[in-house]
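Data first, discussion second: the structure below is written as structure tokens.
The values are calculated or read from the model by the stated rules, or taken from the named source; none is laboratory data. None of these values were measured; they are calculated from a predicted model. Using ideal geometry, Cβ is built from the backbone for each residue, glycine included, and neighbour counts are taken over all protein chains shown.
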Amino acid sequence: MKQTISVLVENRAGVLNRITGLFSRRAFNIESLAVGVTDDPTISRITIIVDSGNNVVEQVEKQLNKLIEVIKVRTLEETSMIGRELMILKVNANNKTRQDIMTICEIMDAKVDDISPTSMTLELSDTPDRLDTFQTMMRPFSILEVVRTGVIAVQKGGGKI
Amino acid sequence: MNGAQALIRSLIEEQVTHIFGYAGATICPAVDALKEHPEIGYTLVRTEQNAGHMASGYARVSGKVGVCMVTSGPGATNLITGIATAYMDSIPMVAITGQVPSHLLGRDIFQEVDITGAVAPFSKHSYLVKDANEIPRIVKEAFHIASTGRPGPVLIDIPIDIQNQEIKKFHYPEEVNIRGYKPSVKGNELQIKRVAQAIARAKQPLICAGGGVWLAGAQEELLELAERCAIPVVKTMMGLALMPSDHPLNLGMIGAHGNHCANKALAKADLLIMVGTRAADRAVVDPKDIQRRMATIHIDVDPAEIGKNMQAAIPLVGNVKVILRQLLDLDTPVTDSAAWLEQLQDYRKAELGRIFPHREGYIFPGTALRRLGAQLDDNAVVCVDVGQNQIFTCKYLPQKHGRLLTSGGLGTMGYALPAAIGVKAALPERQTVVVCGDGSFQMAMNELAAIRAADLDIKIVLFQNNVLGLVHQIQNTAPYHGSFGVALDGSPDFQAIAAAYGIPSLVVRDEDQLDQTVAEFLGTRGCCLLICSVHPDVTTND
């Protein structure tokens, strides 16, 4: 089962190294990981997706908490969080296919970032599932490149971690 | 004042009395600053790994943080095993390493290595100092982190230019404030009540005590709980010597290499109270089976230990000493364990009366250890190495009110001799004995020089069987196909080695001579080596 763990850490060199090192050492698998600074410039927020059972996630949380530079760890409930990922996708496009690609973009709410006589570069921010769908729909046009950021997430409502 | 002087000043603020180290180019400023402070003792080790083990021995008997200091590159990498050994046994330690100049970091220059990166998986925390003004704060934090919560090694890596940097003003902080580090101390009241209820219900309760009890200094509380509630006690290797061997509630060591009576008790208990132990594979071979068969209580300072190896029914997180005191204050009920205790006494008697095999011209380690134990001081510290010697000592050396120090977690050969040197630095008057095999002795015998240099009274018992005994034993058990690569051919004449360091030695090959030889050995002034000739085919199951 995929679970989303939010981690607040000291915004210092080497912290990310400690986190990823912990995952490899304890044999936990990371599905995705995204980092960025928070409103407080001394704190970064890391969003980690792990695909494991509850016991493993509990151990991940506890081991993360042991790192001195980790300030807070919280597993976000699937039903009460907003999780988004950004994808930039470059696809082959010509006079024949461009309109079909545009139709899919309109359906999925994707944006065109760049266009050339032979290609289109598209941008979509959505849930990982919908990004997968979009990617599947683009495959017949021959995808040149895909870049995804990994999920970032917050819990719904006025609370914070 | 420069960074190096600020470092030594900070160590003095932390009441450091001894440093184990090895100088080298990038740590020279710190060594130079140390020279001005004769109040801090200094031991020059013969290889950096042993600086870690000495600091460990020092920390374990003094209850203080052990300190070691080495140079960059190979000095730091040699120290790695010492740091990992301390980490696996949760020993409070601060390791200081020199580093190449900060503006050259990452260029792979002479004696540069990323030591903070290298030790990340097995250190509690580490610092790479980038500004000398931060040294007092960092040292304060390092000692705090090393010694509180679940103790462990902390590394401070200081580039040479930072050691030479002038600081603005030396100010040693009174307090630390690390927002991500707030270890629990007190146990949850509700959980403690549940523990008391579980104890009251139990007919066949058992305490399993580990190294965490020593680390928290909770020996008295443990004994009080066991005696007041009439609960027998088994120990892990790290918890050994928590109770005298002849205590009626003592059942010895559990585990794959433990005492039969301890394992039998574990197999038949209806309530297991684990105190300061992680229940790793060597102690608890099948944790799932135990979970299924009995109620379990797990008391530990590290929340991550709860549910890691074993899923306890009642977890209790906090300082073991504080929690046991909370439990004792609850007017803990006496369990109805009389029948259970009687049954266990039979097992215990069978174990203590165990007759060891005898081979003409050889000493059986179990026999030697029983005889040695009978003659040791009441509070002697015994440092034991790794291999068959470790198993024999942990199983059969009679414990009184002293300590038994060994590398329980990492199983580092060559630990005992340097650890004993560390013990002597903390407790110069305490009887200190090393037990090792001829394999482990050869990993550490260069430190005889450190013993000689300080004229330390350390007694070394060497079981010589000319083979790596435990591996030899494993190789002769399925699925393996016999011994290979374990004969210690080419070993030196150990008496000649000792003599070369000016250390007297004795050899014993006849068990009838044991008592007399042990008496002579322990009565010798200063360091002495006792070589016991052991048959190579002896196994720990004999």
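When restricted to residues that are within 21 Å of B:A454 (Cβ to Cβ), surrounded by fewer than 18 Cβ atoms within 10 Å (Cβ to Cβ) and out of contact with any Gly (no Cβ under 7 Å at 6 or more places or on another chain), segment B:16-35 contains 1.
Conditions tested, residue by residue: (1) without any contact (Cβ under 8 Å) to a residue 12 or more places away in the chain; (2) outside the structural domain of A:A34 (by TED's automatic domain parsing); (3) among the β-branched types (V, I, T).
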{"site": "A:D126", "(1), (2), (3)": "no, yes, no"}
{"site": "A:R130", "(1), (2), (3)": "no, yes, no"}
{"site": "A:T133", "(1), (2), (3)": "no, yes, yes"}
{"site": "A:R139", "(1), (2), (3)": "yes, yes, no"}
{"site": "A:S142", "(1), (2), (3)": "no, yes, no"}
{"site": "A:E145", "(1), (2), (3)": "no, yes, no"}
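Screening B:L242 against (1) surrounded by fewer than 18 Cβ atoms within 10 Å (Cβ to Cβ); (2) at pLDDT 95 or above; (3) assigned to a loop (DSSP other than H, G, I, E, B) leaves a single unmet condition, (1).
Summed over segment A:64-84, the residues that are in contact with a Leu (Cβ under 6 Å, 6 or more places away or on another chain) and of a type outside the set (A, V, I, L, M) give a count of 1. Of all the criteria given as (1) assigned to a strand (DSSP E or B); (2) away from chain A (no Cβ under 12 Å), the one not satisfied by B:K169 is (1).
Taking the conditions exactly as written (of a type in the set (S, T, N, Q) and in a helix (DSSP H, G or I)), does B:Q399 satisfy them or not? Before the answer, list the steps.
On the way: of a type in the set (S, T, N, Q): yes; in a helix (DSSP H, G or I): no.
For B:Q399, the condition - of a type in the set (S, T, N, Q) and in a helix (DSSP H, G or I) - is not met.
Condition check for A:T75 on (1) surrounded by fewer than 17 Cβ atoms within 10 Å (Cβ to Cβ); (2) in contact (Cβ under 8 Å) with a residue 60 or more places away in the chain; (3) within 29 Å of A:A27 (Cβ to Cβ); (4) more than 14 Å from chain B (Cβ to nearest Cβ): one failure, at (1).
Which of the residues that make up segment B:445-474 are among the polar types (S, T, N, Q) and either in contact with a His (Cβ under 7 Å, 6 or more places away or on another chain) or in a helix (DSSP H, G or I) (or both)? Walk me through how you get there before you give the answer.
Of segment B:445-474, the ones among the polar types (S, T, N, Q) are B:446, B:464-466, B:473.
Matches in segment B:445-474: B:N446, B:N465, B:Q473.
Surrounded by fewer than 19 Cβ atoms within 10 Å (Cβ to Cβ), modelled with pLDDT of 95 or more and more than 17 Å from the chain's Cα centre (by Cα), is that true of A:R12? Criteria not met by A:R12. Just one residue in the set A:V37, A:V50 is at pLDDT 95 or above and of a type in the set (A, V, I, L, M); that residue is A:V37.
Any residue that is of a type in the set (V, I, T), touching a residue at least 60 places away in the same chain (Cβ under 8 Å) and in contact with a Phe, Trp or Tyr (Cβ under 8 Å, 6 or more places away or on another chain) - is there at least one of those in segment B:108-131? Walk me through it before giving the result.
Restricting attention to segment B:108-131, the residues satisfying the condition of being of a type in the set (V, I, T) are B:109, B:113, B:115-116, B:119, B:129.
With touching a residue at least 60 places away in the same chain (Cβ under 8 Å) added as a condition, the list becomes B:129.
Okay, now just the ones that are also in contact with a Phe, Trp or Tyr (Cβ under 8 Å, 6 or more places away or on another chain), so none.
Within segment B:108-131, none of the residues are of a type in the set (V, I, T), touching a residue at least 60 places away in the same chain (Cβ under 8 Å) and in contact with a Phe, Trp or Tyr (Cβ under 8 Å, 6 or more places away or on another chain).
As a summary of the residue check, A:N55 satisfies the conditions (1) surrounded by 16 or more Cβ atoms within 10 Å (Cβ to Cβ); (2) polar (S, T, N, Q); (3) at the interface with another protein chain (Cβ under 10 Å from one of its Cβ atoms) except for the one numbered (1).
Could you say whether any residue in segment B:364-382 is within 30 Å of the chain's Cα centre (by Cα), in a strand (DSSP E or B) and crowded, with 18+ Cβ neighbours inside 10 Å? Yes, segment B:364-382 has at least one match.
Cβ separations smaller than 7 Å between residues 6+ apart or across chains give the following pairs from segment B:204-228 residues that are part of a helix (DSSP H, G or I) to residues that are among the acidic types (D, E): B:G211/B:D89; B:G212/B:D300.
Yes/no matrix, rows are residues, columns are (1) farther than 30 Å from B:I109 by Cβ; (2) buried (at least 16 other Cβ atoms within 10 Å of the Cβ); (3) modelled with pLDDT of 95 or more:
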residue: B:P136; (1), (2), (3): no, yes, yes
residue: B:Y172; (1), (2), (3): yes, no, yes
residue: B:G187; (1), (2), (3): yes, yes, no
residue: B:K193; (1), (2), (3): yes, no, no
residue: B:A200; (1), (2), (3): yes, no, no
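Could you tell me which residue of segment B:119-161 is nearest to the other protein chains (Cβ to nearest Cβ), considering only residues that are within 21 Å of B:G75 (Cβ to Cβ) and of a type in the set (D, E)? Only one residue fits best here, namely B:D157.
For segment B:398-433, which positions are of a type outside the set (A, V, I, L, M) and touching a strand residue (DSSP E or B) at 6+ places or on another chain (Cβ under 6 Å)? Explain how you work it out, then say what you get.
Of the residues in segment B:398-433, the ones of a type outside the set (A, V, I, L, M) are B:398-403, B:406-409, B:411-412, B:414-415, B:418, B:422, B:424, B:428-432.
B:G402, B:R403, B:T406, B:K424, B:R430, B:T432, listed by residue number.
Picking from residues in segment B:291-304 that are part of a loop (DSSP other than H, G, I, E, B) and within 21 Å of the chain's Cα centre (by Cα), the one that is farthest from the other protein chains (Cβ to nearest Cβ) is B:V301. Residue count for segment B:278-295 satisfying the condition of being closer than 16 Å to B:P205 by Cβ and in contact with a strand residue (DSSP E or B) (Cβ under 8 Å, 6 or more places away or on another chain): 3. Scanning segment B:305-357 for residues that are of a type in the set (D, E) and not in a loop (DSSP other than H, G, I, E, B) gives B:E305, B:D329, B:E342, B:D346, B:E351.
Any idea which residue in segment B:104-118 is farthest from the other protein chains (Cβ to nearest Cβ), counting only those that are farther than 11 Å from B:I158 by Cα and outside any loop (DSSP other than H, G, I, E, B)? Among residues in segment B:104-118 that are farther than 11 Å from B:I158 by Cα and outside any loop (DSSP other than H, G, I, E, B), the one farthest from the other protein chains (Cβ to nearest Cβ) is B:L104. Inclusion of B:P333 among residues that are away from chain A (no Cβ under 14 Å) and in contact with a Cys (Cβ under 8 Å, 6 or more places away or on another chain) is warranted. When B:L79 is tested against (1) without any contact (Cβ under 8 Å) to a residue 40 or more places away in the chain; (2) surrounded by fewer than 24 Cβ atoms within 10 Å (Cβ to Cβ); (3) not in a loop (DSSP other than H, G, I, E, B), exactly one condition is not met: (2). If only residues of segment A:24-49 that are within 13 Å of another protein chain (Cβ to nearest Cβ), in contact (Cβ under 8 Å) with a residue 12 or more places away in the chain and not in a strand (DSSP E or B) are counted, the one that is nearest to A:R148 (Cα to Cα) is A:F28.
With respect to being of a type in the set (A, V, I, L, M), in the same structural domain as B:N466 (by TED's automatic domain parsing) and in contact (Cβ under 8 Å) with a residue 24 or more places away in the chain, B:A374 fits the description. Checking the structure you have, find out if any residue of segment B:277-290 is touching a helix residue (DSSP H, G or I) at 6+ places or on another chain (Cβ under 6 Å) and within 14 Å of chain A (Cβ to nearest Cβ). So far as segment B:277-290 goes, yes, one or more of its residues are touching a helix residue (DSSP H, G or I) at 6+ places or on another chain (Cβ under 6 Å) and within 14 Å of chain A (Cβ to nearest Cβ). Taking B:N466 as the residue in question, decide whether it is surrounded by fewer than 21 Cβ atoms within 10 Å (Cβ to Cβ), among the polar types (S, T, N, Q), in contact (Cβ under 8 Å) with a residue 24 or more places away in the chain and over 27 Å from B:H247 (Cα atoms). Yes: the conditions hold for B:N466.
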